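One structure is given below, encoded as structure tokens.
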Amino acid sequence: MKIKKSAFLQSVTDWRQCPQSQLPEYAFIGRSNVGKSSLINMLVQNSTLAKTSSKPGKTQTINHFIINDEWFLVDLPGYGFAHTSKETRANWAVMIDDYLQNRPNMICLFVLIDSRLEPQNIDVEFINKLGENGIPFSIIFTKTDKISTSKLNTNVNLFKNKMLETWEEFPPFFMTSSLTGQGREELLDYIGKINNNNL
Ligand code: GTP
Ligand code: MG
């Protein structure tokens, strides 16, 4: 799929303020600093569309971007951000949970996993909760430019095995680098196919 047009639409803190639209929507979640906002920019080839930072905790709202006037990308805050108050963390968790539970046009949530790390409980627990709540998701291993192919394969296999302890099958998954553009075509083709079934 080709990206002909991308534009920022709005930032909100409550799912009720999300666009009144049935257009298909794809959201990005994962631990703070895993590379959600950078990946959105890589997909649309505009390094300034979503705000990124080397410091975790940058994205703190639900951000809608409209793509080709036909579908949305949504940048969400990260989970597991340690350097803020317990109250703020709890508010973000509620904001994300409410969004995920109340947005039927959100047809695929991309859960981003740092490919450099061995399976982290916080990610596995988050994914298990998605299963309990019936939220459709796929997995993206990020920052692949930062490790060797063999280490990448090891970590992906460890993650698969960890998930297969509780899941019957592993969901669709991708490996990406916002630096090199790895995974861009695959991800856009995947979204394009889902769109064709939903537009
Ligand atoms: P929060 O909004 O804080 O939750 O973070 P985020 O998940 O949106 O991460 P963000 O895209 O802001 O990126 C965090 C840092 O990682 C930035 O310094 C990015 O430049 C860097 N980064 C993101 N993706 C990649 C990647 O694929 N490769 C490399 N080398 N760095 C990356
Ligand atoms: Mg961000």
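Any read-out appearing in this document is the output of simple, stated calculations on the displayed coordinates, not a laboratory observation. All values derive from a computational prediction rather than experimental measurement. All Cβ positions, even for glycine, are placed from backbone atoms using ideal geometry, and neighbour counts span all protein chains on display.
Some values worked out for this structure:
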item: Simple spin-label estimate for residue 166 and residue 21 in nanometres, 7 Å along Cα-Cβ; result: 3.4 nm
item: Calculated diffusion of segment 98-199, Stokes-Einstein form, Kirkwood radius summed over Cα pairs, 20 °C and 1.002 mPa s, µm²/s; result: 147 µm²/s
item: Neighbour-count ranking [beta-carbon atoms within 10 angstrom, fewest first] of 61, 166; result: 166, 61
item: Selection of trypsin sites (Lys or Arg not before Pro), segment 102-180, meeting DSSP coil and at most 16 other Cβ within 10 Å; result: 116
item: Per-residue Cβ neighbour rank within 10 angstrom, fewest leading, 95, 42; result: 95, 42
item: Approximate shape of the chain as ellipsoid semi-axes (Cα gyration tensor, √5λ), whole Å, largest first; result: 23, 20, 18
item: Likely footprinting exposure, 154, 59, fewest C-beta neighbours within 10 Å first; result: 154, 59
item: Amide H partners (placed H, <5 Å) of residue 137, local residues excluded; result: 109
item: Over 29 Å (Cα to Cα) - which of 4/162; 55/151; 2/146 fall in this group; result: 4/162
item: Net length gained if the chain between residue 51 and residue 149 were fully extended (0.36 nm per residue, minus Cα distance); result: 32.4 nm
item: For segment 115-133 versus segment 168-199, the gap between their alpha-carbon centres in whole angstrom; result: 19 Å
item: Antiparallel DSSP beta bridges within the chain, percent to nearest 5; result: 35 percent
item: Cβ-based net charge around residue 81, under 11 Å, with every Lys or Arg adding one and every Asp or Glu removing one; result: +4
item: GluC sites (Glu not before Pro) within segment 74-177, DSSP loop, no more than 11 other Cβ atoms inside 10 Å; result: 165, 168, 169
